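Report on the structure given below.
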Amino acid sequence: MTNKSNNGFNTWQKSFEKETKKNLSDAKSETDEGIDIKPVYTKDDLENFSFVENNSLPGQWPYTRGPKASMYTNRPWTIRQYAGFSTAEESNEFYKKNLESGQKGLSVAFDLPTHRGYDSDDDLVMGDVGKAGVAIDTVEDMKILFNNIPLDQMSVSMTMNGAVLPVLASFIVAGEEQGVDRSLLSGTIQNDILKEFMVRNTYIYPPEPSMKIVADIIEFTSKEMPKFNSISISGYHMQEAGADNVLELAYTLADGMEYVRAAMSKGLDVDDFAPRLSFFFAIGTDFFMEIAKLRAARTLWAKIMKDFGAKKERSLILRTHCQTSGVSLTEKDPYNNIIRTSYEALSAILGGTQSLHTNSFDEAIALPTDESARIARNTQLILQNETGVTKTVDPLAGSYFVENLTDELSKKAWDIITEIEELGGMTKAVKAGVPKLKIEESATKKQAKVDSGSRVVVGVNKYKNPKEPSVDVRVIDNNRVRDDQIKKIQSVKDSRETKAVEKALENVTNAAKDEKNLLIPCIEAIKLRATVGEVSKALEQVYGRHFAKSLSVSGVYGKHFEGDKDFMNVEKKVIDFENTNGRRPRVLVVKIGQDGHDRGAKIVATSFADMGFDVDMGPLFQSPKDVAKDAIENDVHAIGVSTLAAGHKTLVPELMKALSNIDPKSKIIVFVGGIIPEQDYEFLYKNNVSAIFGPGSNIIECAEKVIDLISDNLSKE
Amino acid sequence: MELIENIQKGERAAIAKAITLVESSKDSDQQISRQLISELIKKPGKSIRIGFSGPPGVGKSTFIESFGSYLVTQNYKLGILAIDPSSQITGGSILGDKTRMVEISKNPNTFIRSTPSRGALGGISMGTREASIILDAAGYDFIFIETVGVGQSEIVASNLVDIFTLIVGPGSGDELQGIKKGITEYADIFIVNKNDGELKIEASKTAADYKSALSYYKKLDELEKQVLLVSAIKQTGMEDVIKTINQIVDQNKQKGIFEERRADQLEYWIEEEVKNIIASDITKRLSSKGNISKYSEKVMKNEISMYEAVETITKDTLK
Ligand code: B12
Ligand SMILES: Nc1nc2c(ncn2[C@@H]2O[C@H](COP(=O)(O)OP(=O)(O)OP(=O)(O)O)[C@@H](O)[C@H]2O)c(=O)[nH]1
Ligand SMILES: [Mg+2]
């Protein structure tokens, strides 16, 4: 007898409808993913599953309940905090302190010049050295980074994708020079280029050669580095860029399939490398959804790998790292972030992650301080040591709701995966730009929900703190870091054998031409003290540098505000402006330097356009000079600089200079949005910035202020 | 005017401000703009104006980036007017052309201006013709005008330029049936883009299709229309494009076609301006008299016929 037909359910339904004064059928709530959540789930909801198998066990097909039989009861997840800043010396100190305080694995954050294959002395990266990660120019830096950290014992994760060849080569050589054979190195290299083109934006070469590089690394590590994960297939960045959980899940697994094919096309057997594929997901605020996502990911991957013909059990098992969501954290009332991160961490644990990073409460302000990093780490230590969550494997198994949600999510993701496969796979889709647009659409919807108040963010659009606390921030003097790095590069260059280095770099170029495995000549070049930038350029000679074409969504933001008073007020202001000035307010929205955070810029651009502005969208990686030329030629009224990677104190004054160099009488006003610590406001205002819009800004309010400032400025003429 | 001097000196900000004036919908701006254009037009520069049109996504912007980069390395100065098709219901737009012309937009020998089309006919916005006169006065060797080609628009666009180029993609031969005769009259060069990788065979086939179709429609006294194969992404075929352009310009100049076209375009422009003025005048009169609603009421009540109403209103308006 099913539940629905039994009397108990009917009685419950009556009571429910009486209490809520609603029909049960109307009492659903829709998630971002478009899944209807019912107010109650029953035994009936465990039936007719497409993917989930009801009686499965942990460590067994289809691995929904976890990759291992014992999970945390035997060994808890690895506390792996992502960190890196300034010089190798400073980051090394920071790592050692963290390891002493209970952290178990390392995870290196490189700075943006390193990510994009530029040495610290390159003019293009003036504002970015050491700012958002650690600067690594040569193997000497890499050796310093792991000074007194034995690489045969410490597992090291490295987020590196664009410049993956010289950086992985440096790691291998640093190990060797510590006396550790490469076969003993353990850890993970991210090496996931597809999501770079979609959302993370630290690509260097075009998609095809980039995919070849990925495959080369899988090939090399599968033969020579048996303890090292050759790739970390990442959905995390997609969610951070705005993807809902279905998109994150589907695109990540579809990426994974593409990498499997790339590796197989090198003649590798699937079981030779599949056990060393690893994954990375974000854990946001939707508590049960995130748990279901990790369970669904394992379930689907097992099926996918079986279809690829994998025979070894380890090839079928998805192992993952997780990071709590940074984008759910706010600049306003920042201590709330500790609470958000705790719930997210619990979600990740109940979902069965293998390792975890928890964010610091100053996430939306700057890189963490020693103090905020300690609290973030303790979030996990408390979970492991005080709450008892490690004592049972997959405690939510059998939950009517969670099992049902796991299957729902799997089905939705599978539909998208099937669609992508039919269209020819993820590389093709990425080149056409479709996944990126879908993610931007989802991000824009989320922004509209927050700006319209239909989604509550405590301390931002409701329950605001009347007395915002001021918090300490980590300050990095990028000029000092840059000077230090330049000196170190010089001394390496002075003591190396120039001829041999040139020859080695030529070999790298030739290997690219001859389509040979590239990691081998890169290791040789790095050993001889070629720099990360030099190796990247040697490859660039053959592959060129990739420039992304940017598409934009339109109408998504405006649609949420039909009939909204504030929105219509701005629309009217725009029309009035046009009537007075003969054209619409025209704003150039730009990113400057190597900062690839484009979510905010894209959302602001499309929202402003929806309100009637003419918005010029600059490409990524412009120099201040490029921006000034663009702004003046298009005679824009204002430039909106979106800056999140802490380059603002160098790049904004440079932009002002560039503007007046081209046109000393320029009337173009400049405003700045993104991550700007309060401490820097005065500096920016002194440099003639007209307004600053920090995280959590309501875009309709931004637009109104911008149009008022432009009008004021014009009336001064 | 100081503005004129500064334009002639090639000052970026002056050129940009002048283009704003000619695009402006404000009466006072339009007056200055007329003076400005009247002055500039007296001393034409040496610019060759080239139109690039084609269906969305064939690679116009990529081609312009690629061909433009080639030209600037040959020390040409290049002005680009990109008419961005992305207009919205609200009237706002996102102008993303620069993201497709990254390299060339950095070059000091280029000037790139994007304009929202706001749905104007032919994807040509108000002021495009005037903007090219300004760039000409500022000393640019080539002026590129990029428009999205949708049916009729070629005619409008081709009236602004000395050479009109249609960019098409591999496998577009079928569409030729639809375009047929009209196209041969407006386009001087056909560029089949994406002649690379897997698309190469298809591209060659398309080029052959175009060639045979074009020779079929060729008038006796006309020059042979050129069909070129390029890859914007791989930057191949660019020398052919510039060679062909130079050839056509030389030939047209020799035969007097070049000047003839410019004269025709002037005629067309004058006609257009006159029509615009008359049309806006009539619109004003119509709305001030309120005849339309008055008479349509009568039609509704069956007091007079539809055509009687039209005749009466017309007579009264033109009085
Ligand atoms: C999302 C995110 C990412 C995504 C980016 C996806 C994408 N395509 O944008 C991913 C995961 C890829 C990522 C990667 C990295 N990130 Co990140 N990231 C964030 C995060 C969590 C949120 C940013 C965001 O998108 N918010 C949502 C948007 C809508 O908000 P917003 O951009 O702030 O815009 C709003 C306002 O600021 C304002 N605004 C912004 N711009 C403009 C412009 C105009 C014209 C106007 C009017 C208004 C305006 O209005 C918007 C609406 O409210 C922030 C921390 C945080 N919570 O802010 C870190 C953060 C920016 N990241 C950081 C770092 C270090 C990185 C990395 C460099 C790490 C590394 N070493 O590898 C990488 C490299 C990325 C790169 N290529 O540059 C640091 C920067 C440190 C600093 N400034 O000192 C931060 C602050 C986190 C931290 N505390 O460590 N990141
Ligand atoms: N294979 C190949 N693809 C190309 C080539 N040129 C452009 N593309 C691709 O075609 C797509 C469209 O290119 P755009 O330059 O934006 O096309 P467009 O005609 O300017 O498009 P709209 O301005 O939107 O009308 C992009 O994905 C380009 O990468 C080429 O020579 N070869
Ligand atoms: Mg275009």
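The values are calculated or read from the model by the stated rules, or taken from the named source; none is laboratory data. Keep in mind the model is a prediction, meaning the values are calculated, not measured. Reconstructed Cβ throughout: ideal geometry from the backbone, glycine too, with neighbour counts over all protein chains shown. These accessible areas exclude ligands, DNA and RNA; they are computed on the full protein's heavy atoms, side chains included. Shrake-Rupley method; radii C 1.70, N 1.55, O 1.52, S 1.80 Å.
Some observations on this one:
- Close contacts from the range A:654-680, counting a first residue that is among the aromatic types (Phe, Trp, Tyr) and a second that is outside any strand (DSSP E or B), with Cβ to Cβ under 8 Å and a gap of 6+ residues or different chains, come to A:671/A:706; A:671/A:709.
- Look at the range A:380-407: where a residue is in a helix (DSSP H, G or I) and a partner is among the acidic types (Asp, Glu), sitting 6+ places away or on another chain with Cβ atoms under 8 Å, you get A:400/A:45; A:401/A:45; A:403/A:45; A:404/A:45.
- Counting the residues of the range A:622-652 that are facing chain B (nearest Cβ under 10 Å), touching a residue at least 40 places away in the same chain (Cβ under 8 Å) and under 24 Å from the mean Cα position of the chain (by Cα) gives 1.
- Selection of first residues in the range A:430-457 that are farther than 19 Å from residue A:245 by Cβ and of second residues that are within 16 Å of ligand 3 (Cβ to nearest atom) and hydrophobic (A, V, I, L, M, F, W, C), restricted to Cβ pairs under 6 Å at least 6 apart or on distinct chains, gives the following pairs, ordered by first then second residue: A:433/A:551.
- Residues in the range A:536-590 that are open to solvent by 40 Å² or more (accessible area, probe 1.4 Å), within 13 Å of chain B (Cβ to nearest Cβ) and among the basic types (Lys, Arg): A:545, A:549, A:559, A:572, A:573, A:583.
- Cβ-Cβ distances below 7 Å connect the following pairs, each with a first residue in the range A:547-569 that is part of a helix (DSSP H, G or I), a second residue that is crowded, with 18+ Cβ neighbours inside 10 Å and aliphatic (A, V, I, L, M), and a separation of six or more residues or different chains: A:557/A:448; A:566/A:700; A:567/A:611; A:567/A:700.
- Condition check for residue A:677: out of contact with any Leu (no Cβ under 9 Å at 6 or more places or on another chain) and facing chain B (nearest Cβ under 10 Å): no
- Helices (runs of 4 or more DSSP H) wholly inside the range A:413-508 that include at least 2 residues being away from ligand 2 (no atom under 16 Å from the Cβ), modelled with pLDDT under 95 and more than 14 Å from chain B (Cβ to nearest Cβ): A:478-495
- For residue B:76, the conditions (1) open to solvent by 10 Å² or more (accessible area, probe 1.4 Å); (2) within 16 Å of ligand 3 (Cβ to nearest atom) all hold with the exception of (2).
- Condition met for residue A:599 (surrounded by fewer than 24 Cβ atoms within 10 Å (Cβ to Cβ) and at the interface with chain B (Cβ under 7 Å from one of its Cβ atoms)): no
- Test: residue in the range B:238-251 that is of a type outside the set (D, E, K, R), within 16 Å of ligand 2 (Cβ to nearest atom) and either in a loop (DSSP other than H, G, I, E, B) or more than 24 Å from residue B:155 (Cα to Cα) (or both): yes
- The set of residues from the range A:611-648 being surrounded by fewer than 21 Cβ atoms within 10 Å (Cβ to Cβ) and of a type in the set (Lys, Arg) comprises just one member, A:625.
- Every test in (1) open to solvent by less than 20 Å² (accessible area, probe 1.4 Å); (2) within 14 Å of another protein chain (Cβ to nearest Cβ); (3) on the phi < 0 side of the Ramachandran plot is passed by residue A:668 save one, and that test is (1).
- Subset of the range B:289-300 [open to solvent by 60 Å² or more (accessible area, probe 1.4 Å) and within 10 Å of residue B:317 (Cα to Cα)]: B:289
- Residues that are under 30 Å from residue A:95 (Cα atoms) and hydroxyl-bearing (Ser, Thr, Tyr), drawn from the range A:377-413: A:379, A:387, A:390
- Residue in the range A:337-350 that is assigned to a loop (DSSP other than H, G, I, E, B) and either open to solvent by less than 30 Å² (accessible area, probe 1.4 Å) or at pLDDT 95 or above (or both) present: no
- Options B:207, B:137, B:120; residue that is open to solvent by 10 Å² or more (accessible area, probe 1.4 Å) and modelled with pLDDT of 90 or more: B:137
- Of the residues making up the range B:185-199, those that are closer than 8 Å to residue B:170 by Cβ and out of contact with any helix residue (DSSP H, G or I) (no Cβ under 9 Å at 6 or more places or on another chain) number 1.
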